[in-house]
Structure formats: C-alpha cells, structure tokens
1. With the structure loaded, tell me whether GLN52 is modelled with pLDDT under 85 and open to solvent by less than 70 Å² (accessible area, probe 1.4 Å) or whether it fails that test.
2. Return the residue satisfying two criteria in turn: it lies in region 71-85 and is open to solvent by less than 20 Å² (accessible area, probe 1.4 Å) and part of a helix (DSSP H, G or I), and of such residues it is farthest from LEU32 (Cα to Cα).
3. Which members of region 82-116 meet the condition of being of a type in the set (A, V, I, L, M, F, W, C) and touching a Lys or Arg at 6+ places or on another chain (Cβ under 8 Å)?
4. Can you say whether PRO16 is modelled with pLDDT under 70 and either outside any helix (DSSP H, G or I) or open to solvent by 40 Å² or more (accessible area, probe 1.4 Å) (or both), as far as the supplied structure shows?
5. Of the numbered conditions (1) over 17 Å from the mean Cα position of the chain (by Cα); (2) at pLDDT 90 or above; (3) assigned to a helix (DSSP H, G or I), GLU119 satisfies every one except a single condition; which is it?
6. Suppose we filter region 100-116 for residues that are touching a strand residue (DSSP E or B) at 6+ places or on another chain (Cβ under 8 Å) and surrounded by fewer than 14 Cβ atoms within 10 Å (Cβ to Cβ); how many remain?
7. Scan region 19-34 residue by residue and report those that are at pLDDT 90 or above and surrounded by fewer than 17 Cβ atoms within 10 Å (Cβ to Cβ).
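The values are calculated or read from the model by the stated rules, or taken from the named source; none is laboratory data. The shown structure was predicted, so the numbers you read here are calculated from the model rather than taken from an experiment. No Cβ is skipped: glycine too gets one built from the backbone with ideal geometry, and neighbour counts run over all protein chains shown. Keep in mind that these areas ignore ligands, DNA and RNA; they rest on the heavy atoms of the full protein, side chains included. Shrake-Rupley method; radii C 1.70, N 1.55, O 1.52, S 1.80 Å.
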Amino acid sequence: AGLWTVFTLGGVGSKPTPQLEQCSPLANQSLLLLLVLANLTDAPDTLNPYRQAIMSFKNAQDSTAFSSSNPHAFQINFNSLYTALCEQQKSDQATLLLYMLLHQNSNVRTYVLARTDIENLV
C-alpha cells in the first residue's frame, strides 16, 4: 500500500499547499525516499534492488502472464500511474520519477509512447 501511494503520488508537489502537505506528507516523504534508494550506487558484488524493481515492473492490465525470474519484479496499473503523473507534472519529485521511469523501464516507455493523449503529460 505504501509503494502504491508513492506511485500514485497522492498530493506530492514541489511546493505543496499547506492543505495537501497535511493530507499526504507520507506520500511526499515516500516518493523522496524511493528516489534516493533507487539512485544509490550499486555495490561491487550486488545490484541495487530498488533500481532493479524500478527497471522491471510491468503493467497489471497486460494480458500476458506475469512470470519473471527477477525477485524484485511486480505489477502496477500503468493507467493509474500515468494519470497521477499527469496531475503532478509541476512537482519536481514526480518529474524526476517520470524521467527515471522513461529512461530505465522499457515497459513504461512503451506505454507512454503508445498513449494518444501524451500532450497531457508534456
């Protein structure tokens, strides 16, 4: 539930209004923590599991069976993620998450490029 809150960006913003800040400070702090953890450097003997999770999650609405040898793989509703990113486009944290997803997760990149309403995001 906490990770879902991060991805749906419930009220996250660069300069949140006091009302939004009181409603979802956990979402704001969770997103910042996720960004920090995902951008930690890899250890010489192991890969960063947070970065691996960001790079490998798939669309929950995809009709293909979900099977992955990656222990960090999970599914999320890309439509909800896209909608949340569109609503929070003025947020620095949300923009950084979008940048990271577009560059590191080919599933997200393919989904966003296939959307017909990409102008909402741009």
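1. Numbers: modelled with pLDDT under 85: no; open to solvent by less than 70 Å² (accessible area, probe 1.4 Å): yes.
In short, no.
2. Selected residue: PHE78.
3. So the first thing to find is which residues in region 82-116 are of a type in the set (A, V, I, L, M, F, W, C), and the list is 84-86, 94, 96-98, 100-102, 108, 112-114.
Once the filter is applied, which keeps residues that are of a type in the set (A, V, I, L, M, F, W, C) and touching a Lys or Arg at 6+ places or on another chain (Cβ under 8 Å), region 82-116 yields LEU101, LEU102.
4. Values: modelled with pLDDT under 70: yes; either outside any helix (DSSP H, G or I) or open to solvent by 40 Å² or more (accessible area, probe 1.4 Å) (or both): yes.
When the stated conditions are applied, PRO16 passes them.
5. So the condition that GLU119 fails would be (2).
6. Just the residues of region 100-116 that are touching a strand residue (DSSP E or B) at 6+ places or on another chain (Cβ under 8 Å), to begin with: 107, 111.
Then drop every residue that is not surrounded by fewer than 14 Cβ atoms within 10 Å (Cβ to Cβ), which leaves none.
Number satisfying all stated conditions: 0.
7. LEU32, LEU33, listed by residue number.
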